[in-house]
Amino acid sequence: MTNFASRPAGHTHAIVVGGGIAGVCTALELQRRGAKVRLIDRWEPGHARAASSDYNRIIRAISGRDEFYTTWVRQARHRWLELQAETGQKLYYENGTVILATEGQCSWEDATSETFDKLGVPYHRFSPEEVALRFPQFKVPDISYALYEPESGMIMAHRAVVSIAQLFEREGGVIERGHVSTDNNEQLLLEDKTLEADIIVVCTGAWMGEMFPRTIKPIGFVQGINVLYTSTPDGDASFDHTQMPCWIDHGQHSFGLPSVEGSGVKAAVVIPETIDIENDERLIKRESLGKTRSYIEKRLPKLIGERIVDSKFNGIIITPDTHFILDWHPEHEHVLLAGGCSGHLFKHGPVFGDFAAGVAMREYGTADRFKIAGRRKLSPKESPSGR
């Protein structure tokens, strides 16, 4: 195989398909490796149908027993800070993340403590009583303990995608609008004509399964995530990011982020549902509204009666083992498929993009966990995402 890294700068023509977080970060890193890069998306970077949409996303190193992702997120935190300086935009708020370990369902959290101890990741373990004192926003009578990771917080997702895309353009990259599809042989087409380049990296998120029905669809389940934003109480700053951490509540199948830049408190109850990625409206379901309100009453009682001020519906692709996909297409050796498990890819974005660019330029091979073959469902105890 050709080692593109050995070519003179600008002699490798690369195309990245898909302008979400995986796409813009990969395109930027390919450009910085000397490739001539085109980024193609059906819509403008940051569009509302992307898995990378929404205002913000949690970044946390908590990954159970998985040292690989724990290390990657620690690296990604520094890369996000660098990108914040490079773009001149506020991309990262370090307000911490608390993991609520439900009584009797703590294997993922127990494993995380062991991993953090081994790798030297700063964290605190709090009893329910300590949580109530430190973070009085939460009502936690049903938890065994909580893990608090101070060097974590939230990435401003929409702003990050748009800012990195603009940085890519400033450094010489080209962004084009176009609809890339595939034929019956999973050959890539742009407006029904063969898409040609030395390297093509496909980062189309939830659309990847539809584009590659033989290769990706069997290992990629598209799931809809309903997210609600609730107003903070009048005159009360305790739900702002300056006083409240992000949180994950696996026992309640929920997660959330405090109010930032006036957004309101973000809370999601994960109700697995299949969606038609092309045709379904991006509207939250009534069932989700009721379940989220019930969750808020249980966990965040001071928000009872507050109004829903915004909502988001995201379509993401989940792999059986919740590992990312980063592997060459089995029939088209110049096509690299990059994405998978978008639910936890965003926080890794800059590190994932750098690694994907290196694989694309044949500087090194991909990681075994990212290969298409050999996927199997993991138990919550094994899974890096805890699900």
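The values are calculated or read from the model by the stated rules, or taken from the named source; none is laboratory data. Model, not experiment: these values are computed from the prediction. Cβ sites come from the backbone with ideal geometry, for glycine too, and all protein chains shown count toward neighbours.
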Practice problem: Might you check whether a residue that is under 15 Å from the mean Cα position of the chain (by Cα), within 21 Å of Ser263 (Cβ to Cβ) and among the small types (Gly, Ala, Ser) occurs anywhere in segment 63-86? | Solution: no
Quiz prompt | Condition met for Gly262 (exposed (fewer than 15 other Cβ atoms within 10 Å of the Cβ), part of a loop (DSSP other than H, G, I, E, B) and among the small types (Gly, Ala, Ser)) | solution = yes
Quiz item: Would it be correct to say that Gly224 is in contact (Cβ under 8 Å) with a residue 12 or more places away in the chain and assigned to a helix (DSSP H, G or I)?
Solution: no
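Before we move on, is Arg307 surrounded by fewer than 15 Cβ atoms within 10 Å (Cβ to Cβ), farther than 23 Å from Glu109 by Cβ and in contact with a strand residue (DSSP E or B) (Cβ under 9 Å, 6 or more places away or on another chain)?
Details: surrounded by fewer than 15 Cβ atoms within 10 Å (Cβ to Cβ): yes; farther than 23 Å from Glu109 by Cβ: yes; in contact with a strand residue (DSSP E or B) (Cβ under 9 Å, 6 or more places away or on another chain): yes.
Judged against the criteria, Arg307 is a match.
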Exercise. Assess whether Pro272 counts as being modelled with pLDDT under 90 and surrounded by fewer than 21 Cβ atoms within 10 Å (Cβ to Cβ).
Key: yes
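Residue-by-condition table, conditions (1) assigned by TED's automatic domain parsing to the domain that holds Glu103; (2) aliphatic (A, V, I, L, M); (3) touching a Lys or Arg at 6+ places or on another chain (Cβ under 9 Å); (4) surrounded by fewer than 20 Cβ atoms within 10 Å (Cβ to Cβ):
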site	(1), (2), (3), (4)
Val162	no, yes, no, yes
Gln166	no, no, no, yes
Val174	no, yes, yes, yes
Asn184	no, no, no, yes
Phe212	no, no, no, no
Ser231	yes, no, yes, yes
Gly235	yes, no, no, yes
Thr242	yes, no, no, yes
Ile248	yes, yes, yes, no
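Do we have any residue at all in segment 37-55 that's among the acidic types (Asp, Glu), crowded, with 24+ Cβ neighbours inside 10 Å and more than 18 Å from the chain's Cα centre (by Cα)?
From segment 37-55, those among the acidic types (Asp, Glu) are 41, 44, 54; that's our starting set.
Then keep just the ones that are crowded, with 24+ Cβ neighbours inside 10 Å; that gives 41.
From what is left, the residues that are more than 18 Å from the chain's Cα centre (by Cα) are 41.
The answer is yes, given that some residue of segment 37-55 is among the acidic types (Asp, Glu), crowded, with 24+ Cβ neighbours inside 10 Å and more than 18 Å from the chain's Cα centre (by Cα).
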Quiz item: Only one of these conditions is not met by Glu333: (1) out of contact with any Leu (no Cβ under 6 Å at 6 or more places or on another chain); (2) in the same structural domain as Ile143 (by TED's automatic domain parsing). Which number is it?
Solution: (2)
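Here is a yes/no grid of residues against (1) under 25 Å from Gln252 (Cα atoms); (2) under 23 Å from the mean Cα position of the chain (by Cα):
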site	(1), (2)
Gln89	no, yes
Tyr92	no, yes
Gly96	yes, yes
Ile99	yes, yes
Ser113	yes, yes
Asp117	no, no
Val121	no, yes
Gln137	yes, no
Practice problem: Taking Pro213 as meeting all but one of (1) at pLDDT below 95; (2) farther than 25 Å from Lys347 by Cα, write down the number of the exception. | Solution: (1)
Quiz item: On the given criteria, is Gly349 modelled with pLDDT of 95 or more and over 18 Å from Ile216 (Cα atoms)?
Solution: yes
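Here are some residues: Gly339, Gly290, Gly386. Which one is at pLDDT 90 or above, of a type in the set (Gly, Ala, Ser) and either surrounded by fewer than 17 Cβ atoms within 10 Å (Cβ to Cβ) or not assigned by TED's automatic domain parsing to the domain that holds Asp234 (or both)?
Details: Gly290 fails: at pLDDT 90 or above; Gly386 fails: at pLDDT 90 or above.
Being at pLDDT 90 or above, of a type in the set (Gly, Ala, Ser) and either surrounded by fewer than 17 Cβ atoms within 10 Å (Cβ to Cβ) or not assigned by TED's automatic domain parsing to the domain that holds Asp234 (or both) holds for just one of Gly339, Gly290, Gly386, which is Gly339.
Report whether or not Ile316 is out of contact with any helix residue (DSSP H, G or I) (no Cβ under 8 Å at 6 or more places or on another chain) and within 25 Å of His158 (Cα to Cα).
On the way: out of contact with any helix residue (DSSP H, G or I) (no Cβ under 8 Å at 6 or more places or on another chain): no; within 25 Å of His158 (Cα to Cα): yes.
Considered against the rule, which asks whether it is out of contact with any helix residue (DSSP H, G or I) (no Cβ under 8 Å at 6 or more places or on another chain) and within 25 Å of His158 (Cα to Cα), Ile316 comes out as no.
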Practice problem: Test Ile143 against the stated conditions and say whether it is under 23 Å from the mean Cα position of the chain (by Cα) and crowded, with 19+ Cβ neighbours inside 10 Å. | Solution: no
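Between Ser263, Ser294, Ser288, Ser254, which is closer than 28 Å to Pro380 by Cβ and either touching a Ser or Thr at 6+ places or on another chain (Cβ under 7 Å) or touching a residue at least 60 places away in the same chain (Cβ under 8 Å) (or both)? Break it down stepwise before answering.
Details: Ser263 fails: closer than 28 Å to Pro380 by Cβ; Ser294 fails: either touching a Ser or Thr at 6+ places or on another chain (Cβ under 7 Å) or touching a residue at least 60 places away in the same chain (Cβ under 8 Å) (or both); Ser254 fails: either touching a Ser or Thr at 6+ places or on another chain (Cβ under 7 Å) or touching a residue at least 60 places away in the same chain (Cβ under 8 Å) (or both).
Being closer than 28 Å to Pro380 by Cβ and either touching a Ser or Thr at 6+ places or on another chain (Cβ under 7 Å) or touching a residue at least 60 places away in the same chain (Cβ under 8 Å) (or both) holds for just one of Ser263, Ser294, Ser288, Ser254, which is Ser288.
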